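Here the structure comes first, spelled out in structure tokens, and everything after it is commentary.
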Amino acid sequence: MRALRMIKAELSTKAGRIFTAAAIVAVILPLVVRDQFFINAMMLVYMYSIIALAWNLMNGYTGLLSFGHAVFFGIGAYTLMLLLYRGVTPWIGMLLGGLLSAGFAFLLGIPFSRLRSHWFALGTLVLGEIFLIVFANWRAVGGALGLDQPRRLLLSPPSIYWLNYARPTPYYYLALGILGLELLLLYLILNSKPGYFFQAIREDEEAAMASGINVTLYKCISMAISGFFTGVAGGIYTVRFGYIDPYAVFSMMRISVYPVIAGLIGGVYSLIGPIIGSLIFVPTAEYLRAIVGGTLGSRFQGVHFASFGIVLLIISMRIPEGLMGWLEMRGLLKPLMSSGGGSDER
Amino acid sequence: MVDLWLLGQATTSGLLLGCIYAVVALGLSLIWGVMEIVNFAHGDFLMLSMYLSYFLFTYLGLDPLIGAILGFLMGLALGFIVEKGLIEKVLGSPPIVTILVTFSILLIIRYGAMAAWGPGVKTLHPWYFMAILNLWGVRISMAYLIGALISLAATIALHIFLKKTYTGIALRATSQNRLAAELLGIDAKKMYTLSFCIGVALVGLAGGVLSTFYYVVPEVGGRFCLLSFVIVVLGGFGSLLGTFLGGLIIGVAEEISAIFIPPVMKDVVAFIIFLLILMLKPSGLFGR
Amino acid sequence: MSGEAILRGEGLVKRFGGLIAVNEVSFNLYRGEILGLIGPNGAGKTTLFNLITGFLKPDRGKVYFNDKDITGWPPHRIALEGVARTFQLVKPFLRMTALENVMISALSKVGGLEEAEETALELLEFLNLSDKRDWRASSLTIVERKKLEIARALALKPEVLLLDEPIAGLNPKEVDDMLETLREIRKRGVTILIVEHVMRAIMNICERIIVMHYGRLIAEGTPSEISSDPKVIEAYLGGVI
């Protein structure tokens, strides 16, 4: 099959070999490292990578910059939790959460596809705010206090069916597995017709229309795929932490802005970029929060998030192409699964 | 059957409030019209101006309306620094870069404020905060009225500036066709800086006005960013008259909906209006 | 030139605020011909193109393709139906290779990547771009980009090709190449409507020419008829014909 040939070719490049090595390390890591805090941190990195990859499908590959991915995340989280209350296994909950997010994202695309880049971005930001307000005031789904997992789950023995473990290791593999699946699926999509169309839309919408592409439809599709995986990530969060509230899952800073920064640090024109970016950014941000947060107290949040702003500012002004883009331009490494092939001979 | 009087009351308040909202949105619309960028930090400049008025009132006893004027001046200065220091450098880049730059500024200002002044809500209450005027049976908040009058004055001044002065016309020319404007000898770079400064200055003025009755908190920018966004889309990108009317519509919609739904949800109403406009008439009510 | 009009415009009107860009324009494009559309700058030629191809909706009037009313159709649908266009300021997909650029349009018509690649390769060959197939469009010269744009349009397997100033900026040798290519395209069964300013090219390749001025059609005829038409000469105010 053509796809298998392409994957084999991709993995035999320099970047591909590094990736394969890293993947093997990732799989055996929990068997070697005992530090649960570290395993948990890596789980978070994978979870954020899932979001960042999904976010970048819209941004780096379709040209749709979103500051509101928390919306998809939160829908996934709440769906899983509410289904849990009705005795539905989180596996189905995760799937349905993803599908619901996808459906919502698709419908959102219909009015939003008319918005030009700036207004689209602002619209998504605003959407996130709206969802936060709505869920924080919606008593039927817990309102501002959020939702705890059903008590009987806390008391039941851990099982794969309910995904109610105490240790982070199972969730580590859950997140890693879904990340791997997402990477594979996105790779296949991007090397097929919709993938080509997404990139054409990113490059030039009018030219895309003149080339027979139904731009609105494909924007909606891109958003739906992006929403799906982000929703699944929301489900992962829910099973891992067993408690959700709107200020956490619809958080602009914690959920919407993280993938933006991660994507920019790593580079938006490849599939691997956002993952690298998450690897760099997430542990740093969380580490800072743990260490510095203690000393500064309530003012800390301001400093913490303001520093995100500074990081974002520096990167967007100095190296907008991100780490992978920087490496590529210097001819050091062609990033794995990068968009837009070919050479710049001139 | 809803009490007609209540409806009339809400409409009046809404129109007054809408004037103030309109000024905020006008700044955003102006910047977009001339520079083709969205100033994500728009609402947060507003927040800074509100804090300025708060501090001037609390520590110096200065009336917030003076704060509004100082806010206007601060807006000019701040706008100048930000535009020349950061935005000008990325104007040629693809949209994502300029979006990220103004978004970064949003983060730095909003959370810098939180770091500096804490997350607590502050209010300031000048003598007219509680004053209610009774005009033909309609109760009008004095703070709203003064705010609306100042906003109207600012809007008219802006209109005159854009239509009658050479600089204003140059600004409009640049917004319509940059190349042609440059061929006529207009320095586009100066126009960009000017439009950004005026945009932020307007928001500086509005901040002082709003602080007389609105709560002051670091996140307040988010709400006005949302409202401005909806108003500009409603009024049509690039149409100042449309934006002003959009402001009035949103103000009225907000006050009227407050009769039926909990006040926290009024932003949702604005957003739904926005979605409807987008689906039915993509270029807003008046815009190009 | 056969008698049937493959593309027809009837009473097309387009206003922008107070400016009337296209003023009651009706035209026929006959199957198999190469029709030229000329006129001074600002005459409304590109606007007319945009009306035909769905990028703008006319205020009044209709567009018919093969007797089907395509007025107001979205651009992608018109493109798929059989009316393809190029742009005056070329719009390549910059980060994608030449091959990928052409494959995009091909993919709109056929389902599979292999088939699309075949079509694209053939078209790149036809336009002498084969050796640049793996080059990013951003690295191509303006001439190459113009040819790429035409290849991309042809990948839609259109019956009608609307070309917006394909010759502007080319040197004489390149112009001759382009004209030859256009003749080849017509041989493949594609009817062409071309907007151009380069007179010698237009006179050379078009059997018929229509002239626009201030949004109206002021003349129609063969190249020799047009070049001696006083209305046309006046419109160009002494421009070279």
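The values are calculated or read from the model by the stated rules, or taken from the named source; none is laboratory data. Worth saying up front: this structure is predicted, and the values here are computed from it rather than measured. In this analysis, Cβ positions are derived from the backbone assuming ideal geometry, glycine residues included, and neighbour counts consider all displayed protein chains.
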Discussion item. Any residue that is within 19 Å of A:I133 (Cα to Cα), modelled with pLDDT of 95 or more and away from chain B (no Cβ under 14 Å) - is there at least one of those in the stretch A:85-97?
Written reply: no
Response to the item:
By my count, helices (runs of 4 or more DSSP H) wholly in the stretch A:191-301 with at least 2 residues that are within 13 Å of the chain's Cα centre (by Cα) and in contact (Cβ under 8 Å) with a residue 24 or more places away in the chain are A:215-241, A:258-266, A:272-296
Item to complete: May I ask you to verify whether C:E196 is surrounded by fewer than 17 Cβ atoms within 10 Å (Cβ to Cβ), touching a residue at least 40 places away in the same chain (Cβ under 8 Å), away from chain A (no Cβ under 14 Å) and of a type in the set (D, E)?
Response: no
Worksheet item: How many residues, within the stretch B:124-148, are closer than 18 Å to B:I66 by Cβ, at pLDDT below 85 and not hydrophobic (A, V, I, L, M, F, W, C)?
Response: 3
Discussion item. For the structure I just gave you, tell me whether B:I169 is within 30 Å of B:L60 (Cβ to Cβ) and either more than 23 Å from the chain's Cα centre (by Cα) or surrounded by fewer than 20 Cβ atoms within 10 Å (Cβ to Cβ) (or both).
Written reply: no
Fill in: When residues of the stretch A:208-244 are limited to those that are crowded, with 24+ Cβ neighbours inside 10 Å and within 14 Å of another protein chain (Cβ to nearest Cβ), the one farthest from A:I92 (Cα to Cα)
A:A210
Discussion item. Of everything in the stretch C:199-236, what is in contact (Cβ under 8 Å) with a residue 40 or more places away in the chain, out of contact with any helix residue (DSSP H, G or I) (no Cβ under 7 Å at 6 or more places or on another chain) and assigned to a loop (DSSP other than H, G, I, E, B)? Give them in sequence order.
Written reply: C:E207, C:Y214, C:G215
Discussion item. Just checking, does the stretch C:224-238 include any residue being aliphatic (A, V, I, L, M) and at positive phi?
Written reply: yes
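Residue by residue, here is whether (1) surrounded by fewer than 18 Cβ atoms within 10 Å (Cβ to Cβ); (2) within 24 Å of A:A262 (Cβ to Cβ); (3) among the small types (G, A, S) holds:
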site	(1), (2), (3)
A:G68	no, yes, yes
A:F72	no, yes, no
A:G76	no, yes, yes
A:M81	no, no, no
A:Y85	yes, no, no
A:V88	yes, no, no
A:A102	no, yes, yes
A:L122	no, yes, no
Fill in: Residue tally, condition under 18 Å from B:L46 (Cβ atoms) and at pLDDT below 90, over the stretch B:233-251
0
Worksheet item: What residue, among those in the stretch B:262-286 that are over 28 Å from B:E36 (Cβ atoms) and at pLDDT 85 or above, is farthest from the other protein chains (Cβ to nearest Cβ)?
Response: B:V269
Discussion item. Can you list residue pairs whose Cβ atoms sit under 9 Å apart, with the first residue in the stretch C:105-117 being among the acidic types (D, E) and the second being surrounded by fewer than 17 Cβ atoms within 10 Å (Cβ to Cβ)? Count only pairs 6 or more apart in sequence or on different chains.
Written reply: C:E114/A:R2
Practice prompt. Read through the list (1) part of a helix (DSSP H, G or I); (2) surrounded by fewer than 21 Cβ atoms within 10 Å (Cβ to Cβ); (3) in contact with a helix residue (DSSP H, G or I) (Cβ under 8 Å, 6 or more places away or on another chain); (4) not polar (S, T, N, Q), then give the number of the only condition that C:D131 fails.
Written response: (3)
Worksheet item: So, in the stretch A:128-142, of the ones that are in contact (Cβ under 8 Å) with a residue 60 or more places away in the chain and over 19 Å from B:V269 (Cα atoms), which residue ends up surrounded by the most Cβ atoms within 10 Å (Cβ to Cβ)?
Response: A:G142
Fill in: Candidate set: the stretch C:141-178, residues that are within 12 Å of another protein chain (Cβ to nearest Cβ), touching a residue at least 24 places away in the same chain (Cβ under 8 Å) and in a loop (DSSP other than H, G, I, E, B); chosen: the one surrounded by the most Cβ atoms within 10 Å (Cβ to Cβ)
C:A155
Practice prompt. Please find, within the stretch B:203-221, the residue that is farthest from the other protein chains (Cβ to nearest Cβ) out of those that are over 16 Å from B:L17 (Cβ atoms) and in contact with a Lys or Arg (Cβ under 8 Å, 6 or more places away or on another chain).
Written response: B:V216
Discussion item. Among the residues that make up the stretch B:114-123, is at least one of them within 19 Å of B:S195 (Cβ to Cβ) and assigned to a helix (DSSP H, G or I)?
Written reply: no
Worksheet item: Does A:E182 satisfy being more than 17 Å from A:A54 (Cβ to Cβ) and either acidic (D, E) or in contact with a His (Cβ under 7 Å, 6 or more places away or on another chain) (or both)?
Response: no
Item to complete: Scan B:I198, B:I169 and give me the residue that is of a type in the set (V, I, T) and free of Cβ contacts under 8 Å to residues at least 24 places away in the same chain.
Response: B:I169
Worksheet entry | Pair list, Cβ < 6 Å and 6+ apart or interchain, from the stretch C:58-71 residues that are in a strand (DSSP E or B) to residues that are among the hydroxyl-bearing types (S, T, Y) | C:K62/C:T71; C:V63/C:T71
Item to complete: Might you let me know whether the stretch B:230-244 holds any residue that is within 14 Å of chain A (Cβ to nearest Cβ) and on the phi > 0 side of the Ramachandran plot?
Response: yes
Worksheet item: Being assigned to a loop (DSSP other than H, G, I, E, B) and surrounded by fewer than 22 Cβ atoms within 10 Å (Cβ to Cβ), is that true of even one residue in the stretch A:34-45?
Response: yes
Fill in: Of all residues in the stretch C:78-114 being of a type outside the set (A, V, I, L, M), in a helix (DSSP H, G or I) and more than 8 Å from chain A (Cβ to nearest Cβ), the one that is nearest to A:E203 (Cα to Cα)
C:N101
Item to complete: Identify the single condition in (1) assigned to a helix (DSSP H, G or I); (2) more than 7 Å from chain B (Cβ to nearest Cβ) that A:L115 does not satisfy, given that it satisfies every other one.
Response: (1)
Worksheet item: Is it true that some residue in the stretch B:254-269 is in contact (Cβ under 8 Å) with a residue 24 or more places away in the chain and crowded, with 24+ Cβ neighbours inside 10 Å?
Response: no
Discussion item. So if I check each of A:V25, A:V32, A:V71, A:V88, which one is of a type in the set (V, I, T) and under 17 Å from the mean Cα position of the chain (by Cα)?
Written reply: A:V71
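Yes or no, residue by residue, for (1) over 28 Å from A:V141 (Cα atoms); (2) more than 14 Å from every other protein chain (Cβ to nearest Cβ); (3) at pLDDT 90 or above; (4) in contact with a Leu (Cβ under 6 Å, 6 or more places away or on another chain):
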site: A:P246; (1), (2), (3), (4): no, no, yes, yes
site: A:G266; (1), (2), (3), (4): yes, yes, yes, yes
site: A:I291; (1), (2), (3), (4): yes, yes, no, no
site: A:T295; (1), (2), (3), (4): yes, no, no, no
Item to complete: Restricting attention to the stretch A:146-183, report how many residues are assigned to a helix (DSSP H, G or I) and either within 23 Å of the chain's Cα centre (by Cα) or surrounded by 12 or more Cβ atoms within 10 Å (Cβ to Cβ) (or both).
Response: 16
